[in-house]
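The values are calculated or read from the model by the stated rules, or taken from the named source; none is laboratory data. Quick caveat, the model's predicted, so the values are computed rather than measured. Please note: Cβ atoms are built from the backbone with ideal geometry, for glycine as well, and neighbour counts cover all protein chains shown. Heads up: the accessible areas ignore ligands, DNA and RNA and are worked out on the full protein's heavy atoms, side chains in. Shrake-Rupley method; radii C 1.70, N 1.55, O 1.52, S 1.80 Å.
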Amino acid sequence: MKELYRRVSEGLAPGDLPFMNYGYAEPRAGNYDWIRPEDRHHKYHFSLARRVLNGIVLHGKAVLEVGSGRGGNCDYLARYSDAASIRGVEPCWENVAAASHALTRHRIRFVCGDAASLPFADNTFDVVLNIESSHCYPDFAAFLAEVRRVLRPGGALAYADIWFLNTLPYDWPARLRALESCDLRIEQEEDISEAVFEALKQEDGLSGTLRQLEGDANRELFSQLRRGNEAIRLHLAAAQCRYRRWILRHP
Ligand SMILES: C[S@@+](CC[C@H](N)C(=O)[O-])C[C@H]1O[C@@H](n2cnc3c(N)ncnc32)[C@H](O)[C@@H]1O
């Protein structure tokens, strides 16, 4: 999985593909009014980040995104919240370099690192964000333990991903048990499969962006990614996987 994301980054300019998630389609077009006109082409991704962070206070907070990819969610946080500081951690250095190059806002910093061994001291963050990255983690329980370690007491994990996808080699019930029995308290839990399915259907969503970025060098990989998106959409339609979000609180 890590290798796949590294290959995606090859040949892209730093500002290309800032979001690598499926997005979230609002039930009504008017629900995008809060997004500035210059950001509307990323509306499904902005909406996913906002939905995942629903109910979290960001004012003056230290925020970390684990699996920050090419920096889109951190950019959203920097421009649409008044968080005090924003860090992104990501194992693929090509992504770290692209995000650092594209986003020079002073509150944002990106570093290389792995979810199972976060390069931060204990009690460093008030909020940890994790969007569509945990399906890459072989040791999900280690990720949860690391989040608890770097969160301050009272801090929150805003978490979302695809679940129960049988093409991934995981014991999904065991992962769910790890989530439910970790040392973080579940505060919110929501199935957002339908909204993610709708976003995947849209021509101006992730597949459209991939099509625009397709060139001779990446044609095979990007058309494979678009077929992958289509497969996820069909799995969601057939309820063969789910897309879920949680808010978990450090007690
Ligand atoms: C689908 S992308 C999502 C990126 C970003 N969160 C977003 O919403 O655009 C998944 C990301 O997880 C990262 N990732 C893979 N394995 C990881 C690990 N062990 N620890 C942290 N991040 C990881 C990948 O490099 C990739 O950037």
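Please sort 229-242, 102-115, 168-181 by packing, taking for each peptide the average over its residues of neighbouring beta carbons within 10 angstrom, highest first. Intermediate results must be reported in sequence, preceding the final value.
Details: 229-242: 15.5, 102-115: 17.0, 168-181: 13.0.
For the peptides 229-242, 102-115, 168-181, the packing ranking is 102-115, 229-242, 168-181.
Highest mean first, the peptides 118-129, 67-78 sorted by other C-beta atoms within 10 Å per residue fall in the order 67-78, 118-129. Of the GluC sites (Glu not before Pro) found in the range 3-46, those in coil by DSSP whose Cβ has at most 12 other Cβ atoms within 10 Å are 10. Counting only DSSP beta bridges with both residues in the range 100-251, the antiparallel share comes to about 70 percent.
Sorted from longest to shortest, the spans of the Cα atoms of the range 55-116 along the three principal axes equal 30, 26, 15 Å. Restricting to DSSP H runs of at least four residues, report the calculated mean residue ellipticity at 222 nm for the chain, -39500 (n - 2.57) per run over all residues, nearest 500 deg cm²/dmol. Dividing the helical sum by the residues of the chain leaves -11000 deg cm²/dmol. Debye calculation, C-alpha points only, no solvent: report log10 I(q)/I(0) for the range 101-146 at q = 0.17, 0.29, 0.31 Å⁻¹, in the same order as the q values. Relative scattering, expressed as log10 I(q)/I(0), comes to -0.62, -1.27, -1.31.
Averaged over its residues, the range 2-246 has an accessible area of 45 Å² per residue, based on protein heavy atoms and a 1.4 Å probe.
At q = 0.20, 0.21 Å⁻¹, what log₁₀ I(q)/I(0) does the range 111-251 have when each alpha carbon counts as one equal point scatterer in the Debye sum? Calculated log10 I(q)/I(0) at the listed q: -1.19, -1.24. With both labels modelled 7 Å from their Cα along Cα-to-Cβ, the residue 105 to residue 1 distance reads 2.7 nm. Taking 0.36 nm per residue of sequence separation and removing the Cα-Cα distance, the residue 201/residue 213 pair yields an extension gain of 2.5 nm. Expressed as a whole number of Å, what is the distance separating the alpha-carbon centroids of the range 119-164 and the range 192-244? After rounding, the separation between the Cα centres reads 25 Å. When only Cα pairs below 8 angstrom with a gap of at least 6 residues are kept, the chain shows a relative contact order of 22 percent.
Estimated at the nearest 10 Å², the accessible area of residue 5 is 50 Å² with a 1.4 Å probe. Shown for the range 179-251: the carbon plus sulfur share of the solvent-accessible area, taken with all protein chains present and a 1.4 angstrom probe, equals 45%. The convex hull defined by the C-alpha atoms of the range 73-181 has an orientation-averaged projected area of 7.4 nm². Over all distinct Cα-Cα pairs of the range 10-146, the Kirkwood formula returns a hydrodynamic radius of 15.4 Å.
DSSP bridge analysis restricted to the range 2-246 gives an antiparallel fraction near 30%, rounded to the nearest 5. Start at zero, step by 10 Å, and the Cα-Cα distances of the range 2-246 spread as 7, 32, 40, 19, 1 percent across the bins. Tell me, what is the Rg over Rh of the range 212-251, with Rh the Kirkwood radius over Cα pairs? Taking Rh as the inverse mean 1/r over Cα pairs, Rg/Rh reads 1.26.
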